[in-house]
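First comes the structure, then the notes that go with it.
Just so it is clear, none of the values below were taken in a lab; they were calculated from the coordinates. As the structure is a prediction and not an experimental result, all values here were calculated from the model. Using ideal geometry, Cβ is built from the backbone for each residue, glycine included, and neighbour counts are taken over all protein chains shown.
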Amino acid sequence: MPEQDPHPRNEPIILGITGRIGAGKTSVGKYLESRYGFWYVRYSQVLSDWLAKDPEAKSHLQQVGWEVMAGGLQEELNKRLIQRLPQKSDCVVDGLRHTLDFESLSSFSPDFKLLFVSGPPELRWKRLTSRYPDFESFRQADSHPVEQAIDSLRQKACAVLDNERSLPELYSEVDGFVQVVRSGGLK
């Protein structure tokens, strides 16, 4: 059952989650959804619904995402994502990859906060071995052009979670982050 917010606010909180592949973004997002009742949306789902209608394209979302970025369509992707956000609910947006994503969500909500999730490459690969059976295939995906602006978002984040431990330890850090954000901290 989602935990109730003891400090009601006028505006809902919008949390963005960014980080390299395999860092734990989705684990954090799904935790915020189940534990705190945040409405959850992923950039990849919006991208998939918009441009990747056939199953073949859905398996190549990284390339589709790059085509959006390189083709100047990132602003349109952001508009489509923002249209999905409910007006009066706390939301978590998983998968920011571009500074324009940060700027769009910051303009949309005065209570937007960006959380950067990190972890060392070898550990991130181990989390994704079903998708990337060898480190070289993981390294190629991690160095894809669509992934290159992510590190620049780290400096825009109000907090960084170093995800090198167990899920319960990660969730404990997320709990602390939510407590600070809901009390009006990390402006």
Label-reachable residues, the stretch 123-161, where backbone N falls under 18 Å from a point 7 Å from residue 63's Cα toward its Cβ: 131-133, 137-148
Cβ crowding within 10 Å averaged over residues, with 36-49, 124-137 ranked highest first: 36-49, 124-137
In nm, spacing of pseudo-spin labels at residue 179 and residue 155 (7 Å Cα→C-beta vector): 3.2
Gain upon complete extension [residue 34, residue 73; 0.36 nm per residue less C-alpha separation]: 10.9 nm
Helix axis angle, 167-182 relative to the chain longest principal axis, alpha carbon, degrees: 50
Structure-derived semi-axes √(5λ) of the Cα gyration tensor in Å - corresponding label in [x] 34, 17, 14; [y] 26, 21, 14; [z] 22, 20, 17: [y]
Length-normalised contact order of the stretch 65-187 in % [C-alpha pairs under 8 Å, at least 6 apart]: 30
Nonlocal amide H pairs with residue 90, under 5 Å, H built at 1.01 Å: 13, 39
Cα gyration tensor, the stretch 93-187 - rounded (a/c under 1.5), prolate or oblate: oblate
Under-5 Å amide H pairs with residue 19, H placed in peptide plane, nonlocal only: 117
J(HN,Hα) series, the stretch 98-103, from Karplus relation 6.51 cos²θ - 1.76 cosθ + 1.60, nearest Hz, glycine and proline x: 9, 4, 5, 4, 4, 4
Rounded Å value of the spacing that divides the Cα centres of the stretch 134-187 and the stretch 76-111: 17
DSSP beta bridges in the stretch 14-182 [antiparallel fraction, %, rounded to 5]: 0
Nitroxide proxy distance, nm - points 7 Å out along Cα→Cβ at residue 107 and residue 126: 4.2
Residue 165-residue 134 FRET efficiency (beta carbon distance; Förster radius 22 Å; 0.05 resolution): 0.30
